[in-house]
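Notes follow the structure.
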């Protein structure tokens, strides 16, 4: 080939100058467009990426607040997202193996992006002509869930790669795995492996076996599709795919695989299924937490709240409340409330020594009415208020053996003379012990007159019952009180005169275990120890042989004390009682006061409910009673006169054949000093009011 001369080349260039110019311009345009496109893509990818502080805070996520019962068992959750954070050490190794096998087999070998998997997924997608496989590693999934949108775009994918690479530099593999397991959604409202394990299988993540772990690992690909509560067959098929991957990767052997594939899926929602109980209690705890810490921290701060509830007692309480309501409604028959308002009930049980509330029922159905009748409703307590009158009398120097006389005499009031109706006794004379056991209205009003209305009002306030009206009918429970305040006040009788503070929360901790709040409160002395013991002794007679005898009839056998209360026209029925270790109050009535049922005395409406609940709640408890204080003496006295017994007293018996002599308890300084003047006289004359030698008691 002959070489091209300079003249020839120049001629060609001149002839093709236009073409050359156009070509160079196109090349320049392409080059600059590529540079601009790359710059735009880089700007798009790197704009808005998390800074180092955000990357460090990747573990900050909404966590459910856990409420634990008195035995530190899971009871309730409060959440924006149903999530319970756990360290990797408390996650079953089977779950980790299953997740790695199905989602990211080279997790421990790549730096955030699995190039081999990406290339394999790309080839498979090209062959099928669609996005059949994804190549995201667990780290990329964590990056996407924490910082990015789910949009399927190239820029988002590149941003995912960048963030994943930074996460791998910032955290260890175990830390990434822990973050992922606590953040990922498992379906059915459950976030994180602990919530999913409790919500689907009723066990903590640490206890998952191979088939359970495989099922949960299979959910992360598409929680809404594979959740077992949505489609169990589909979830089982997906589980078996995970088990195949575990076998192929060597995570499990052939026998384990065969056994796991053959095992049935047994669901058990311990996280939410148990919340059919104790909703009134939970709501009170929630309100207290929000008042103390704010809703945001309570709903997503992952607090651990150690409550006082005993779930077994709570279940027994709710079962017995419903049984009592149904029994009464059967007795009502066609006379049930015509406007459809349901009969309601409330129950609260607490530890007399600490005030820790063990069970709380605020109504027959929380879903129908969240109004908590055990804490919010203020109702007249009827005769269940009488123990405060008698406690004030004992503090003033009266004794259980003090004989109250002149009970038929009218009480002067602003509305004229008044003699209270008395359906339990007609005797004009009776001892304090008999008066309380038979729930005598005349005796209670007479005692209030002797002790003083202002003094009794002050005493009730000191007992935590609240402000009550300073009127003579106060002795019969004409004031309005709450069930919780009454039960707490009675707890002081069982606690040696120390009034506890009702407590629903023992303590609150952060997710890391740091103490935020301690709910323990020291009880306050509100009466002498001797008064508390004497009142407990008097109230024990009410259960054993008084208006609450049906508690024994339904199977409750432990030593106990308590008092019934029935308001006018049977609008309210109360019983509050206690053992040394549990004080329980119950109430039945309508929200709009009206008769519960004809002759609806507390002894036949609420006492059986109380007795059945207490039998269940105290099952296995020892049959112990309160220890007699050193400031209390036992003295042998005459049942009739309340004075020291004579030989004549020992030979006498009442109409039922019982001996006239018994041992009574007295606080130091209140023991009788003289002997019975009655025996040898006509008992008929005594009961008719002939009480020569005795006079009305007066405050010492």
Counting only residues that are surrounded by fewer than 24 Cβ atoms within 10 Å (Cβ to Cβ) and farther than 22 Å from residue 533 by Cβ, how many does the range 581-607 have?
13
Taking into account only those residues within the range 381-406 that are touching a strand residue (DSSP E or B) at 6+ places or on another chain (Cβ under 7 Å) and in a loop (DSSP other than H, G, I, E, B), which is nearest to residue 570 (Cα to Cα)?
381
Does residue 527 qualify as being crowded, with 18+ Cβ neighbours inside 10 Å and assigned to a helix (DSSP H, G or I)?
no
Select from the range 467-481 the residues that are touching a strand residue (DSSP E or B) at 6+ places or on another chain (Cβ under 8 Å) and under 12 Å from residue 379 (Cβ atoms) and write down the one among them that is surrounded by the fewest Cβ atoms within 10 Å (Cβ to Cβ).
480
State whether one or more residues within the range 362-379 are over 21 Å from residue 501 (Cα atoms) and assigned to a helix (DSSP H, G or I).
no
Does any residue of the range 212-222 turn out to be under 23 Å from residue 65 (Cα atoms), assigned to a helix (DSSP H, G or I) and either outside the structural domain of residue 257 (by TED's automatic domain parsing) or touching a helix residue (DSSP H, G or I) at 6+ places or on another chain (Cβ under 9 Å) (or both)?
yes
Which condition number in (1) farther than 29 Å from residue 86 by Cβ; (2) touching a residue at least 60 places away in the same chain (Cβ under 8 Å); (3) in a loop (DSSP other than H, G, I, E, B) is the one that residue 339 fails?
(2)
Any hit, the range 65-78, residues being closer than 21 Å to residue 184 by Cβ, modelled with pLDDT of 85 or more and either in a loop (DSSP other than H, G, I, E, B) or in contact with a helix residue (DSSP H, G or I) (Cβ under 6 Å, 6 or more places away or on another chain) (or both):
yes
When residues of the range 482-499 are limited to those that are buried (at least 24 other Cβ atoms within 10 Å of the Cβ) and touching a helix residue (DSSP H, G or I) at 6+ places or on another chain (Cβ under 8 Å), the one farthest from residue 628 (Cα to Cα)
486
Count of the range 242-285 residues which are closer than 25 Å to residue 106 by Cα, surrounded by fewer than 14 Cβ atoms within 10 Å (Cβ to Cβ) and in contact (Cβ under 8 Å) with a residue 24 or more places away in the chain
1
Checked pairs for the range 649-660, first surrounded by 12 or more Cβ atoms within 10 Å (Cβ to Cβ), second part of a helix (DSSP H, G or I) and modelled with pLDDT under 80, C-beta under 9 Å and 6 or more apart or across chains, list as 652/683
Going by what's in this entry, would residue 200 be described as within 39 Å of the chain's Cα centre (by Cα) and modelled with pLDDT under 90?
no
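Taking the range 285-318 on its own, how many of its residues are assigned to a helix (DSSP H, G or I) and in contact with a strand residue (DSSP E or B) (Cβ under 8 Å, 6 or more places away or on another chain)?
Matching residues across the range 285-318 total 15.
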Can you name the number of the only condition in (1) modelled with pLDDT under 95; (2) more than 26 Å from the chain's Cα centre (by Cα) that residue 387 fails?
(1)
Within the range 235-279, the residues that are farther than 30 Å from residue 317 by Cβ and assigned to a loop (DSSP other than H, G, I, E, B) are 250, 251, 252, 253, 263, 264, 265
Report yes if some residue within the range 354-363 is out of contact with any helix residue (DSSP H, G or I) (no Cβ under 9 Å at 6 or more places or on another chain), within 25 Å of residue 507 (Cα to Cα) and either buried (at least 23 other Cβ atoms within 10 Å of the Cβ) or at pLDDT below 95 (or both); otherwise report no.
yes
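The values are calculated or read from the model by the stated rules, or taken from the named source; none is laboratory data. Model, not experiment: these values are computed from the prediction. Here Cβ is always computed from backbone atoms with ideal geometry, including for glycine, and neighbour counts include all displayed protein chains.
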